[in-house]
C-alpha cells in the first residue's frame, strides 16, 4: 500500500513539474505589445460633437398621429402599411433625418430606401417625396 502511495505522489509531482516546464515556453506578450499603440492623440472634449449637433430623439406618434400617418401611407401605396408597426418605425427614422438637419434630397433618398422592398419592390421619387410629406404632416413637425 505504501508503494502505491509513493508511485502516485511521484506521478503527481512529475505532472506538476512537466506543467511548470511547459509554462516556461508559453508565449506571453510583452507589456509594451499588449497595450495598443496609438498614433493619434486622444480625442479632446472639443473634438466631440456638441449636443446641438446630435439629432433630437424622435418619439412615437400618438394614436391620432399614427392613424393619420397610416392613412397617408396607404394612400401613397397600400403595401407600405402591410406591417403597420414597421411602417411607423421607418417613419420615425425619416423624422430623425428631418430633425437631424439632413437636406431634403437626402431625406427623400433615405425614405425611399427605407420603405422599398418586400411588399413594395420599388418606389418612385414622387412616392418617396409623398412619404416625407406624410411623415411631416402627421407627427414630425
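Quick note: the coordinates plus some simple rules give every number you see, no bench work behind them. Bear in mind the structure is a predicted one, so any value in this text is a computation, not a measurement. Here the Cβ positions follow ideal geometry from the backbone for every residue, glycine too, while neighbour counts run over all protein chains shown.
Placing a label point 7 Å from the Cα of residue 71 along the Cα-to-Cβ direction, the residues of the stretch 108-141 whose backbone N falls under 13 Å of that point are 138-139. Starting from a Cα-only point model with no solvent, please compute log10 I(q)/I(0) by Debye for the stretch 55-138 at q = 0.18, 0.21, 0.23, 0.27 1/Å. Here log10 of I(q) over I(0) equals -0.66, -0.91, -1.11, -1.51.
Between residue 105 and residue 63, the FRET efficiency estimated from the beta carbon spacing at R0 = 35 angstrom works out to 0.60.
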